[in-house]
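Peer 1: Provided herewith is a single structure, encoded as structure tokens, for subsequent inquiry.
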Amino acid sequence: KTRSLLSVFEEDAGTLTEYTNQLLQAMQRVYGAQNEMCLATQQLSKQLLAYEKQHFALGKGDEEVISTLHYFSKVVDELNILHSELAKQLADTMVLPIIQFREKDLTEVSTLKDLFGLASNEHDVSMAKYSRLPKRKENEKLKAEVAKEVANARRKQHLSSLQYYCALNALQYRKRVAMMEPMLGYTRGQINFFKKGAEMFSKRMDGFLSSVSDMVQSIQGELDAEAEKMRVSQQDLIAVNESVYTPDSDVTSPAINRNLIQKAGYLNLRNKTGLVTTTWERLYFFTQGGNLMCQPRGAVAGGLIQDLDNCSVMAVDCEDRRYCFQITTPTGKAGITLQAESKKEYEEWICAINNISRQIYLTDNPEAAAIKLNQTALQAVTPITSFGKKHEVHHPSQNVKNMENDKIIPSESAGIQDSPQLIAPGTPIQFDIVLPATEFLDQNRGGRRANPFGESEDSSKDEEEDSLLQQMFVVRFLGSMAVQSDDTSEVIYEAMRQVLAARAIHNIFRMTESHLMVTSKNLRLIDPQTQVTRTSFELATVTQFAAHQDNRRLIGFVVHLCETLGEESMSAYIFESNTEGEKICYAISLGKEIIEAQKDPEALAQLMKSVPLTNDGKFVLLNDQSEEDGALH
């Protein structure tokens, strides 16, 4: 119900945004016409004065015309002053309020919507991680960490949803103010213009405008009262106990209702994707009469999953997951396998399905009939494991594919605004430039590993020995895209924004972890498992590099290459680092300084003396003279 109601509010906000843009265009056209009137009257006045400067061949008797035109010029100048005042009033009281409403209120709602979506996705990821906790030989410390992660994700989702809902509610008040306030300014400006010009409006309009102003103030008062009420309610909801957000917090003594004849909630559904491979999908399930229904996220209604009449339900062991149960059809055929998030939900679902399968919902007193079936339901809660399932061995096939061609082209409908000076509209975003380590192992199993990028391990080692700088960072590749300029670091920030927005919109959470080796010659991405160089960039081709101003773990750099046909290409690469991005930027900057300093031995020695070195070996400067001298830390 909440998501259905939310979709109504979001549809209303979308319609309001579209109408506001159209209304703003109409108002800007009126303001432009008034500005044009000011320029036109000013030019007319000059042209009237320029009459006497014209050298007419038959100019006799033009003195009266010249004096008359001078008078008209003064009149036009006075009118031009009135038109200029009217244009300024239209800009301040008509165009500016609607622009502020669009840029502040509508943008706030859009931003909160994106944050709410990100929080929801983060919650889904944490719940999937929690659901994969093994049933037997649980690591209590791991379980506590994962449960805390789920609690934090839920709290974050709850807070973002509350802020989003408050903004949507406030928008209903603000849109009425935003629609009337510009027209209030427009009308007052016109009245003031005509009053000064010819007193063309009666005093009755003053009373009307006064009543409109009072109405706006009244609505503003209602908004303030509603905002205060929502703020107090939000504080009360946030102050609840931590156990409300923690899954399975009452695992020792859950309050279980075994007399349910209907049930609703989120469950994990097991789907077979191959002969031995399976996936789990978290969906919303509910019972309706004798049917088990499922409603995917975004759907307007639920669909039938299983007819529960005369079915049997039993707790089962499944892929070492907790709280799993299976529904079997009346013919004895195994049906769907589901997983609950807590012991309470697990037992209540089994009891409810067991009650429904006996068709007690059709009796006059369903709850009394459900009590009689409690014993049967209690038996169903005890897990069973068949001999075959105990000895069943799953060997999931590694479905490895080359991600080099995984690209998404941002569209205008996705809400990603391109910067035409920095990045061309419609530029594809590549989310993976490297192959997974497992594919390297598969390609080279049984023999000496060959690098598909044409780089040998020996050459990489030689480069390391010759390099004066070595610094290793753990990074995860987020995306890359072509850019049109490398003159400023703003292109990196714009690429970060577009890559992160595209990942959020298209629900892309896959990231490839690599070791970024910064040397005084190049930047190399190294596979952490195989130590194979995935790709490398000459340090001289790195023209821009910067860390994100707010999220300091985001780092990006621009590579400027010359193609074989003489054409130049520039691409921005965006990473997430385990450390602060500024440290990577410092290492790259130091590498470039070493390149310049190597041209002058004295400058190189001076640079090496000035480099701040730490005892933990964060920066490694190799001795260029002897390999046995080791490394300076």
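The values are calculated or read from the model by the stated rules, or taken from the named source; none is laboratory data. Just so it is clear, the structure is predicted and the values come from calculations on it, not from any experiment. For neighbour counting, all protein chains shown are included, and Cβ atoms are generated from backbone atoms with ideal geometry for every residue, glycine included. Accessible surface is based on the protein model in full, side chains and every heavy atom, while ligands, DNA and RNA are left aside. Shrake-Rupley method; radii C 1.70, N 1.55, O 1.52, S 1.80 Å.
Peer 1: Run the accessible area of the stretch 264-375 with a 1.4 Å probe and give the carbon-and-sulfur part as a rounded percent.
Peer 2: Of all accessible area on the stretch 264-375, carbon and sulfur atoms account for 51 percent.
Peer 1: Sticking to Cα atoms, compute the Rg of the stretch 466-610 to one decimal and its Dmax as the biggest Cα-Cα distance, whole number, in Å.
Peer 2: Answer for the stretch 466-610, Rg first and Dmax second: 15.7, 53 Å.
Peer 1: Keeping every protein chain present and rolling a 1.4 Å probe, give me the accessible area per residue for the stretch 273-373 in Å².
Peer 2: Per residue, the stretch 273-373 has an accessible area of 46 Å².
Peer 1: Still on this structure: Apply the Karplus parameterisation 6.51 cos²θ - 1.76 cosθ + 1.60, with θ equal to phi minus 60°, to every residue of the stretch 219-233 and state each ³J(HN,Hα) to the nearest whole Hz, in sequence, with x for glycine and proline.
Peer 2: Here the 3J(HN,Hα) series is 5, 5, x, 4, 4, 4, 5, 5, 5, 5, 4, 5, 5, 5, 4 Hz.
Peer 1: Suppose R0 equals 35 Å. What FRET efficiency, 1/(1 + (r/R0)^6) with r the Cβ-Cβ distance, do Leu304 and Thr277 give to the nearest 0.05?
Peer 2: 0.85
Peer 1: Give me the 1.4 Å probe accessible area per residue for the stretch 1-201, excluding ligands and nucleic acids, in Å².
Peer 2: That works out to 61 Å² for each residue.
Peer 1: At 0.36 nm per residue, minus the direct Cα-Cα distance, what do Ser213 and Ile191 gain on full extension? Give it in nm, one decimal, please.
Peer 2: Separation in residues times 0.36 nm, less the Cα-Cα distance, equals 6.4 nm.
Peer 1: Given Lys113/Lys143; Lys129/Lys263; Lys129/Lys156; Lys156/Lys583, which pairs have Cα atoms separated by over 22 Å?
Peer 2: Lys113/Lys143; Lys129/Lys263; Lys156/Lys583
Peer 1: Continuing with the same structure: Determine Rg/Rh for the stretch 1-201; Rg is computed over alpha-carbon atoms and Rh is the Kirkwood hydrodynamic estimate from the same atoms.
Peer 2: Across the stretch 1-201, the Cα-based Rg/Rh ratio is 1.38.
Peer 1: A follow-up question, please. What are the equivalent ellipsoid semi-axes of the stretch 52-103, built from the alpha-carbon gyration tensor (square roots of five times its eigenvalues), in whole angstrom, biggest first?
Peer 2: Semi-axes (√(5λ), whole Å): 43, 11, 5.
Peer 1: Between Lys333 and Thr579, what FRET efficiency comes out of the Förster formula 1/(1 + (r/R0)^6) with R0 = 51 Å and r the beta carbon distance, rounded to 0.05?
Peer 2: So the FRET efficiency works out to roughly 0.40.
Peer 1: Can you send over the carbon and sulfur percentage of the accessible area for the stretch 1-201, probe radius 1.4 Å, protein chains only?
Peer 2: 57 percent
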